[in-house]
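One structure is given below, encoded as structure tokens.
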Amino acid sequence: MGDVERIAIVSVHGCPSAKLGGREAGGMNVYIKQVAEELGRRGIWVDIFTRYHDPQDQKIAQISDHVRVIHITAGSYLDDKNNLLSHLPDFIRGVLNYTKDEHILYDIVHSHYWLSGRIGVVLGRHWRIPHVANFHTLAEVKMRARVGENESEQRSSGERKIIAMADKVLAFSQHEKEAMVRLYGAQQDKVGVIPGGVDTELFSPMDRDLVRKTLGLQDTNIVLYVGRIEPLKGVDILLRAVSQLDRPQPIRTIIIGGDLEDDHEIERLKSLSMDLGIAQFVSFMGRLEQQALPNYYNAADICVVPSYYESFGLVALEAMSCGTPVIASRVGGLPTFVKDSLTGYLIPWHCPEPFTDVLEVLLDSDGMRKFMGDAARETALGMGWPNVVDQLLALYKKLIDC
């Protein structure tokens with residue numbers, strides 16, 4: 001097999017150094033950063049191409065010995081991903097000019113999300129190297145997951161073209177692969193399945209009483225949500241479920257993610273909390289740095305992931321790696337590692353009552369939470385980033401040899 005020496009990662013709208021929990025910063029950012037750093041630890045050079053998203057961005061940001069983030073001008077700092085399509089030619093020119101000036105050659109280009117996939121197709125052909133595409137979310141799946149979800153025809157047709165033109169497409173689960181085949185006409189042998197991973201050292205069990213004391217959260221049960229704050233994530237289901245709990249004392253619900261200063265969905269959820277009579281027991285924390293999350297996962301009795309759609313569900317795996325049981329929707333990639341009645345519970349309905357029922361069961365049993373938490377940690381230990389990168393490198397080498 002050929003050696004992999006240098007990789008170009010394209011993530012046009014998702015910078016791996018962005019603060020997590022915002023509209024454009026979530027599991028994809030974590031995936032890219034963790035994979036790149038693990039590749040770097042193996043002596044492979046990785047350049048991550050993304051757009052300038054902040055006036056303070058440096059042109060080149062070194063994030064580890066072998067890994068750099070290279071910022072390319074493409075539109076305004078204020079543009080979100082829905083306004084970036086017209087700026088992709090500028091991004092491509094910026095990447096090509098930079099690599100030409102620096103005399104850099106790559107072995108593989110790996111794109112993330114459909115906008116980056118369009119760029120990856122062009123770069124792969126220009127550089128005459130294999131192009132691997134990850135989507136992280138798919139428009140056709142999102143629109144079927146929840147009434148009211150709308151995605152542009154440009155995105156759907158763009159995903160279809162990338163699936164047809166990429167040398168390899170990666171899915172996080174067999175479910176996602178089947179969706180690509182069924183909804184996009186993907187060839188079975190073109191789509192590979194490599195699940196995401198977790199940093200099992202950062203996300204590890206801690207002394208729960210000590211963590212709670214540090215956070216000022218003693219003497220209460222804690223239910224946790226972590227992730228972007230948008231209707232597709234189903235946070236309203238969680239709030240309604242908690243409001244229906246029949247407990248001798250209130251439950252503290254902690255919600256991490258979103259922009260506390262300007263987020264219409266957070267305002268809607270705060271208003272819902274008031275209407276449900278639980279506002280004083282719900283804490284909206286906003287975005288937090290990745291390093292702060294293990295404290296909250298460890299402080300929580302249960303982590304809830306009530307999403308209508310998750311291509312993988314990194315938050316659930318992070319919680320499990322901390323030894324915290326998970327209650328999650330039975331969607332996307334979540335059932336591949338959240339084992340029903342072993343590491344937590346999977347809920348097939350998008351309504352609050354079944355979430356309430358299993359919350360009651362787990363909150364009533366310290367022993368069951370401990371059993372499930374131990375099983376969750378054991379599962380997570382088999383899904384560390386080194387395992388993910390082993391599979392990616394095997395794929396890269398096979399593509400180079402073709």
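What number, in percent, do you get for the relative contact order of the chain if the mean sequence gap of Cα pairs under 8 Å and at least 6 apart is divided by its residue count?
17
Collect residues whose amide H, placed 1.01 Å from N in the peptide plane, falls under 5 Å from the amide H of GLY384; neighbours closer than 5 in sequence don't count.
For GLY384, whose amide H was placed from the backbone, the distant partners under 5 Å are VAL198.
What order do you get for LEU183, LEU260, LEU238 when you list them from fewest to most C-beta neighbours inside 10 Å? Could the numbers behind the result be given before it?
On the way: LEU183 18, LEU260 13, LEU238 25.
By the 10 Å Cβ count, ascending, the order reads LEU260, LEU183, LEU238.
Amide H of TYR309 versus every other amide H placed in the peptide plane: which residues, excluding those fewer than 5 positions away on the same chain, fall under 5 Å?
none
Just the ratio, please: alpha-carbon radius of gyration of the range 15-170 over 2.2 N^0.38 Å, N its number of residues.
On the way: Rg = 15.4 Å, N = 156, 2.2 N^0.38 = 15.0 Å.
Working it through for the range 15-170, the quotient is 1.03.
Among ARG42, ARG228, ARG146, ARG128, what is the fewest-to-most ranking by other Cβ atoms within 10 Å?
Details: ARG42 12, ARG228 21, ARG146 16, ARG128 7.
Listed from fewest to most nearby Cβ atoms, that is ARG128, ARG42, ARG146, ARG228.
Quick one: SER341, SER173, fewest Cβ neighbours within 10 Å first, how do they rank?
Values: SER341 11, SER173 22.
Arranged by neighbour count, lowest to highest, SER341, SER173 become SER341, SER173.
Compute the Cα gyration tensor for the range 208-381, then decide on rounded, prolate or oblate, letting a ≥ b ≥ c be the square roots of its eigenvalues: rounded whenever a/c is under 1.5, prolate when a/b is larger than b/c in the other cases, and oblate in all that remain. Walk me through the numbers on the way to the answer.
Numbers: a/c = 1.26, a/b = 1.18, b/c = 1.07.
Cα axes put the range 208-381 in the rounded bin.
Can you give the calculated 222 nm mean residue ellipticity of the chain, where each DSSP H run of n ≥ 4 adds -39,500 (n - 2.57) and the sum is split over every residue, rounded to the nearest 500 deg cm²/dmol?
Working: 14 runs with 165 residues, N = 402.
-12500 deg cm²/dmol, from helical runs alone.
Can you tell me, using C-alpha contacts under 8 Å and at least 6 residues apart, the relative contact order of the range 208-381 as a whole percent?
On the way: 317 pairs, mean separation 40.2, N = 174.
Across the range 208-381, relative contact order equals 23 percent.
Take LEU78 and ASP340, extend 7 Å from each Cα along the Cα→Cβ direction, and tell me the distance between the two endpoints in nm.
Once both label points are built, they end up 4.8 nm from each other.
Once you have a ≥ b ≥ c as the square roots of the Cα gyration tensor eigenvalues for the range 287-401, tell me rounded if a/c is under 1.5, and otherwise prolate or oblate according to whether a/b is larger than b/c. Walk me through the numbers on the way to the answer.
On the way: a/c = 2.08, a/b = 1.69, b/c = 1.23.
Prolate.
Once fully extended, how much extra length lies between GLU5 and HIS264, figured as 0.36 nm per residue of separation less the alpha-carbon to alpha-carbon distance? Intermediate results must be reported in sequence, preceding the final value.
Values: separation 259, 0.36 × 259 = 93.24 nm, distance 4.51 nm.
Gain on extension, GLU5 to HIS264, equals 88.7 nm.
Specify the residue with the greatest mean-square fluctuation among PHE355, PHE281, PHE203, computed from a Gaussian network of the chain linking alpha-carbon atoms under 10 Å apart.
The residue that fluctuates most here is PHE281.
None of the figures in this text is laboratory data; all of them are computed from the coordinates on show. As the structure is a prediction and not an experimental result, all values here were calculated from the model. Backbone-built Cβ (ideal geometry, glycine too); neighbour counts: all protein chains shown.
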